[in-house]
1. Which percent of Cα-Cα pairs in the stretch 110-187 sits in each 10 Å bin, short to long?
2. I'd like the carbon and sulfur percentage of the solvent accessible area for the chain, probe radius 1.4 Å, heavy atoms only, ligands and nucleic acids excluded.
3. Considering only protein heavy atoms, what per residue accessible area in square angstrom results for the chain with a 1.4 angstrom probe?
4. When N counts the residues of the stretch 1-149, how does its alpha-carbon radius of gyration compare numerically with 2.2 N^0.38 Å, as a ratio?
5. Report, for the stretch 164-283, the % of DSSP beta bridges that are antiparallel, rounded to 5.
6. Can you tell me how the stretch 179-301 classifies by the Cα gyration tensor, rounded, prolate or oblate, using a/c under 1.5 as the rounded cut?
7. Which order do peptides 122-129, 223-230 fall in by mean Cβ count within 10 Å, highest first?
8. Quick check: the distance between the Cα centres of the stretch 102-124 and the stretch 37-61, to the nearest angstrom?
Amino acid sequence: MKIAYIHRGDIDTEKWDRVIAESPAETVYPYSWYLDAVAENWSALVTEDYRFIMPVVWKKKAGIKYVYQPFHTQQLGVFSREYVGPDIIREMLGILYRKFRFAGVNFNAKNLVGEEPPFQVVDKSNYVLTLNRDYEQHYKSFSSNAKRNIRQSAEFQEVVEKNVPVEELVSLKKACDVIRRTEADYMWMQKLLETLRARGSGSVYAALDGREVTGAAFFAFSRTRAIYLLSASGKTGKEHRSMFRIVDAFIREFAGSGKILDFEGSNIPSVARFFGGFGAQAEIYQGVSFSRLPFILKKLR
């Protein structure tokens, strides 16, 4: 099977997005417009008539080209309308290995990557909940801890509102972020969320105590999934269990829709317990990396 490496400007976006939309691994990340929003450069590996496609997000530093996983893009990999077998994945990885000096990329949960040298493969956990039952049935699957926190959050008389301005979520994230980021990082974050909302593909859900936003989350929508893309909770929000109230409100709204609520993680036990408390199940995806850098450059990287 012939595989072509093509640059962004040569990609037929209509064909590309149609394959993504009809893929069993459909999610927002690999759509052409989303990749345009999160990546400075991306190309693709494509077979004839776009039967199998793989986005390749890359950068160039000190003359060295490498493949990386952009922020807020948990899974990429190979997409198709049909089953993606290990042979096509192996062929595409081989092309990347010859073309780039090093790489670190997450494949999607429908891809199974064999662990063969020179590639290193790590299993990672995502949590997903298919909203195919009515709310009462979903609630029965909540953990006792989740139910207790939802009841406690109700005591504070907070309301959950949709379509709160993106800048309010980003401001809250900035105020309570545990990761050190630059001002440019927050501007980039806001621009991405605004792009999603402008397309009708995302919305902020916020818990309000009067006029104070105590917690907020951004959900990104695709044809089959709703991704818990970004969240923030301040001191009051933690005391009021605002995130439990927000996720509960979201599940209540979309119960029975068949949407997959994708929590986008996590390998952190406490975060995994929060997601699992709503009945979400672990779903494994794989991170793949390789390096052709000289040993001294590997140490400096």
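1. Per 10 Å bin, starting at 0, the Cα pair percentages come out as 11, 20, 30, 28, 10, 1.
2. With neighbouring chains kept in place, the figure for the chain is 50 percent.
3. Normalised by residue count, the accessible surface of the chain is 49 Å².
4. On the way: Rg = 17.7 Å, N = 149, 2.2 N^0.38 = 14.7 Å.
Expressed relative to 2.2 N^0.38 Å, the Cα Rg reads 1.20.
5. Values: 15 of 18 bridges.
Antiparallel bridges make up about 85 percent of those DSSP assigns within the stretch 164-283.
6. Since a/c reaches 1.5 and a/b is larger than b/c, the shape of the stretch 179-301 is classed as prolate.
7. 223-230, 122-129
8. A separation of 17 Å, based on Cα centres.
The values are calculated or read from the model by the stated rules, or taken from the named source; none is laboratory data. In this text the structure is predicted, and so the values were computed from the model without any measurement. Reconstructed Cβ throughout: ideal geometry from the backbone, glycine too, with neighbour counts over all protein chains shown. Side chains are part of the model used for accessible areas, which takes the heavy atoms of the whole protein and leaves out ligands, DNA and RNA. Shrake-Rupley method; radii C 1.70, N 1.55, O 1.52, S 1.80 Å.
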